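S.K.: Below you will find the structure I want to go over with you.
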Ligand SMILES: [Mn+2]
């Protein structure tokens with residue numbers, strides 16, 4: 001039995017596991033059966049040695065481990081190595097297996113599926129042409145390079161619907177059941193499978209409710225969307241919905257609440273027409289209030305019983321972004 005461990009609840013992780021299996025079957029054919037385990041980021045130890053229970057074990061789209069039981073590894077995350085010792089272990093192994101490597105790391109790849117495809121084709125002669133559509137969507141989804149807010153929120157493409165069910169799957173058997181299908185048939189055929197449709201229906205319903213809730217709350221002023229949904233328990237709504245509703249806006253400042261915190265989400269429209277050098281540094285703004293993030297998106301957390309303080313901070317951040325007076329050029333503006 002060949003055990004493939006993959007990044008759980010991630011479209012690229014599932015595609016990586018599927019493509020690796022095809023590649024190994026076709027180019028080696030030594031494994032009778034493949035079994036799959038999803039790996040989750042967590043505090044402390046990332047792996048349990050007991051997880052590596054195959055005659056061979058592969059990890060795809062997830063962190064490195066020096067365990068000798070792991071015979072194949074592919075990753076593209078900047079944070080692939082948990083320690084300098086792990087990086088050294090990988091580099092030492094790479095020197096020893098030169099000419100016949102089995103572990104591959106390249107952080108310039110948008111998706112791990114893309115890395116596996118290039119290695120399999122260039123080093124082992126594996127024909128990746130049948131998987132062009134899968135590779136295309138793995139790059140779009142893992143790189144968050146949706147062509148528009150309509151594409152990201154409208155969920156029209158089969159791959160984006162599959163992404164939605166994969167990201168929200170809680171049944172541990174669901175993704176392992178899906179993985180072999182991803183390289184066995186077109187994505188729309190996989191989406192049409194009964195067990196996939198059953199998982200998708202409640203997700204689409206919730207997504208529709210999220211859109212309507214935000215439509216009723218989101219307002220735009222001077223290029224900044226604000227909303228407050230702290231009175232509505234709303235876990236895991238799509239962060240693209242505000243830009244879908246109000247595409248002229250450059251920024252969003254949203255208030256939401258979970259059991260343990262009030263969250264002020266601050267974001268930049270991924271499809272903004274404002275040149276990047278004119279955009280506000282969201283990480284720097286959030287850091288001033290004890291939050292953090294990236295240049296384009298960040299968050300500030302406030303204790304769950306301090307709603308007034310959260311509203312005060314949100315108003316300050318909103319005023320700062322409104323003062324920039326930036327708005328997107330929309331296709332309708334041209335006429
Ligand atoms: Mn990935």
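S.K.: Considering Cα pairs under 8 angstrom that are at least six residues apart, work out the relative contact order of region 196-243 and quote it in whole percent.
M.R.: Reported relative contact order: 35 percent.
S.K.: Show me the ranking of peptides 160-168, 13-21 by mean Cβ neighbours inside 10 Å, starting with the highest.
M.R.: 13-21, 160-168
S.K.: Quickly estimate the mean residue ellipticity at 222 nm for the chain, helices only: each DSSP H run with n ≥ 4 gives -39500 (n - 2.57), and the total goes over all residues, rounded to 500.
M.R.: -12500 deg cm²/dmol
S.K.: If we sort 79-85, 246-252, 310-316 on the protection proxy, mean other Cβ atoms within 10 Å, highest first, what's the order?
M.R.: Averaged packing, sorted descending, gives the order 246-252, 310-316, 79-85.
S.K.: With everything on Cα atoms, drop me the angle between helix 194-217 and the longest principal axis of the chain, reported from 0 to 90° to the nearest 10.
M.R.: Rounded to the nearest ten degrees, it is 20.
S.K.: Over all directions, how big on average is the projection of the convex hull of the alpha-carbon atoms in region 218-334, in square nanometres?
M.R.: Here the figure is 7.0 nm², rounded to one decimal.
S.K.: Taking the chain as the reference, fit the longest principal axis to its C-alpha atoms, fit the long axis of helix 307-322 to the helix C-alpha atoms, and give the angle between the two in degrees, 0 to 90, nearest 10.
M.R.: Approximately 90 degrees, to the nearest ten.
S.K.: Between residue 53 and residue 239, how many nm apart are label points set 7 Å from Cα along the C-beta direction?
M.R.: Inter-label distance under the simple model: 3.6 nm.
S.K.: Using Cα-Cα distances under 8 Å and only pairs 6 or more residues apart, what relative contact order does the chain have, in percent?
M.R.: RCO, the chain: 13 percent.
S.K.: What is the Cα radius of gyration of the chain over 2.2 N^0.38 Å, N being its residue count?
M.R.: For the chain, the normalised Cα radius of gyration comes out at 1.10.
S.K.: In degrees from 0 to 90, rounded to the nearest 10, what is the angle of the helix 112-124 Cα long axis to the longest principal axis of the chain?
M.R.: Relative to the chain, helix 112-124 is tipped by roughly 30 degrees.
S.K.: Right, another one. How would you classify region 1-134 from its alpha-carbon gyration tensor, with a ≥ b ≥ c the square roots of the eigenvalues: rounded for a/c under 1.5, else prolate if a/b is greater than b/c, otherwise oblate?
M.R.: Here region 1-134 falls in the rounded category.
S.K.: Between 57, 100, 269, where does the largest GNM mean-square fluctuation fall for the chain, given springs only between Cα atoms within less than 10 Å?
M.R.: Maximum fluctuation in the GNM of the chain, among the listed residues, is at 100.
Read-outs throughout are calculated quantities, based only on the coordinates presented, and are distinct from any laboratory measurement. Computed from a predicted model, the values in this text were never measured in an experiment. As a convention, Cβ positions derive from the backbone with ideal geometry for all residues, glycine included, and neighbour counts pool all protein chains shown.
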